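To keep things clear, I will list the structure first and then write my remarks on it.
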Amino acid sequence: MSKRRKPLKVAALTNILAPIVSALLSFIITPIVIHQVGKEGYGLWRIVLSLIFYFLILSQTIDSGSLRYISFFSARKDRHSLLGIVASSQWFFWAFGCLTILSLLFFAPSIASFLNIPAADINEFKQILAILGFAVGLGIAFSLYPTILFSKERFVEANLLKIFIEIVRFAIILIMVLNGKGLIGLAYAFLAASVLSAILNFLLNVIFVPDIPIIPSRVNSDHLKKLVFYGSGSLIVVMGGFLGLGIDNFIIAKTKGLVFVAVYGIAALFAEKILSTIPHLFSVARPRTAAFHATGDSESLRGLISRQLIYSSIVASAVLTFLFVFGGNFIFFWVGKGFGDAVPVLWALSLGIYFEIAQRPTSEWFFAVGRQHHLGFFRIAEGLLHVGLSILLVFKMGIIGVAIGFAAAKIAVNILLPFYAARVFSRSYWWYVKPMVVSFSASLAVIMAAWLSGWLGSWTEINIFSIVKNIFLFGLYYVTCLFGLFYLLRIKILFLRPITARGEDTDLTDQISSG
């Protein structure tokens, strides 16, 4: 019997807490920032954040390989290879951190010219990019420390630190904005938080994982090749991310202007926070799946994925239902009627969000077994379809056309991906999509009820009492539909049973019919 592991549901809850705190703080500070800098200023800030986002997702090509191999060699108790992969990863992180800083400093003028940034804002734009470039570059250079913590399943410690850093950043942003420091003050807040994060992550590793020291001299060519090979597959996936939500801001800035970037950004903020928060529920399984793969425990691996497919579909459905039914009310009370055009944008984006979250475990499976190259081609196809449709529709439908382009690409790829996964991993297509079909049907039932009741068309005329009442009523109806459909299709939902060691979850593959 293998060593008993910690239940992943506890790790998942702690792993999602940090991004939830980050999202809540963002929602609190956003209307304050808009009030201080105006729509155009907020649009400029959204453009800058999109640029920074690209460097962060590029760093994931290194991070994904580091996480996988640290977990892999730890499971095999191969200390020589473990220290070698850690040292090799650190060199990559240092190099990419420096590249980030230099790139943003060098290309800032060209970016400003391409995006038609107003002349009055160009100097501020360059300053913000320079400050945030140092902040992000420093964060990337020290990002191996949280990766080591996650690979050893030290989720609680790492996430408590993330929450602390987010609160500190929020406090500094609030001080800067209320003192009239504008967008430059926001950038300095990010820089201060990055410095503090680097210091505290180093200390956390010294305390909790002293058995995995970072010794740069242990670097060797074999481990560099492993990281390059694995990272090349992750890079293909990341290239699809390059053509994701971030590029929408550039398309809108180029064709419509910064004010429209701000309106679209209000709806996109929901999508960004959800797509950076919800997947944390399932990403905690990546070290575990890598360990199962390393030890050849395919039975436990399949069981883990089957359970995640059920849970991801339920979560995705709940998010879709809430955003579609109550998203307009939230935007109205959050930033006011001036952003009413963001409501239909949010509805379109929510469809794409659903399909992305529902099939997230399928994507994680490709990473777990080292087949991320295959997944990458789907992500590139998704990105190209997204960009093509967005450019085509922005001239005909404005910002809602860009949102439809995002949603259509997400839907198409996440319907096709299970076909390929079914062939690669020897499961039926129905095994992958059955929970998604059930949860999506429950969401449609609630959305139809909201539409027939007139709720969807009156989001500016609703008071708090009626919102709370309808959240309860629609929520009760949603739960009834969802669990009724699961019962009819005989899909078991074992919420309280932890995934631990081999043999304890052998019945999980029966939760979803094998077709």
(Q) Just checking, does segment 351-361 include any residue being crowded, with 23+ Cβ neighbours inside 10 Å, of a type in the set (Gly, Ala, Ser) and either without any contact (Cβ under 8 Å) to a residue 40 or more places away in the chain or within 27 Å of PHE332 (Cα to Cα) (or both)? (A) yes
Q: Can you tell me which residue among PHE425, PHE419 is open to solvent by 10 Å² or more (accessible area, probe 1.4 Å) and without any contact (Cβ under 8 Å) to a residue 12 or more places away in the chain?
A: PHE419
Q) Do you know which residues across segment 330-345 are surrounded by fewer than 23 Cβ atoms within 10 Å (Cβ to Cβ) and in a helix (DSSP H, G or I)? A) PHE330, PHE332, PHE333, TRP334, VAL335, LYS337, GLY338, PHE339, VAL343, PRO344
Q. Got a sec? Which of LEU58, LEU67 is closer than 15 Å to ILE214 by Cα and either open to solvent by less than 10 Å² (accessible area, probe 1.4 Å) or under 22 Å from the mean Cα position of the chain (by Cα) (or both)?
A. LEU67
Q. Restricting the search to segment 142-156, which residues are open to solvent by 40 Å² or more (accessible area, probe 1.4 Å) and in a helix (DSSP H, G or I)?
A. VAL156
Q) If we keep just the residues of segment 448-482 that are assigned to a helix (DSSP H, G or I) and hydroxyl-bearing (Ser, Thr, Tyr), which is farthest from the chain's Cα centre (by Cα)? A) SER466
Q: Please enumerate the residues belonging to segment 428-439 that are assigned to a helix (DSSP H, G or I), touching a residue at least 40 places away in the same chain (Cβ under 8 Å) and either of a type in the set (Ser, Thr, Tyr) or open to solvent by 40 Å² or more (accessible area, probe 1.4 Å) (or both).
A: TYR429, TRP430, TYR432, SER439
Q.
Any residue at all in segment 291-306 that's in a helix (DSSP H, G or I), closer than 22 Å to HIS386 by Cβ, open to solvent by 10 Å² or more (accessible area, probe 1.4 Å) and modelled with pLDDT of 65 or more?
A. no
Q. Does at least one position in segment 440-451 carry a residue that is modelled with pLDDT of 90 or more, touching a His at 6+ places or on another chain (Cβ under 6 Å) and open to solvent by less than 30 Å² (accessible area, probe 1.4 Å)?
A. no
Q. If you check PHE170, PHE114, which single one turns out to be in contact (Cβ under 8 Å) with a residue 24 or more places away in the chain, open to solvent by 20 Å² or more (accessible area, probe 1.4 Å), in contact with a Leu (Cβ under 6 Å, 6 or more places away or on another chain) and not hydroxyl-bearing (Ser, Thr, Tyr)?
A. PHE170
Q.
All but one of (1) modelled with pLDDT under 85; (2) closer than 15 Å to SER22 by Cβ hold for GLU153; state the number of the condition that does not hold.
A. (2)
Q: State yes or no: is LEU375 over 15 Å from LEU323 (Cα atoms) and open to solvent by less than 50 Å² (accessible area, probe 1.4 Å)?
A: yes
Q.
Quick check on VAL195: is it free of Cβ contacts under 8 Å to residues at least 12 places away in the same chain and in a helix (DSSP H, G or I)?
A. no
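The values are calculated or read from the model by the stated rules, or taken from the named source; none is laboratory data. Predicted model, so just to flag it, every value in this text is computed and none were measured. Because the Cβ atoms are built from the backbone with ideal geometry, glycine has one as well, and the counts that use them run over all protein chains shown. Surface areas here come from the heavy atoms of the whole protein model, side chains and all, with no ligands, DNA or RNA. Shrake-Rupley method; radii C 1.70, N 1.55, O 1.52, S 1.80 Å.
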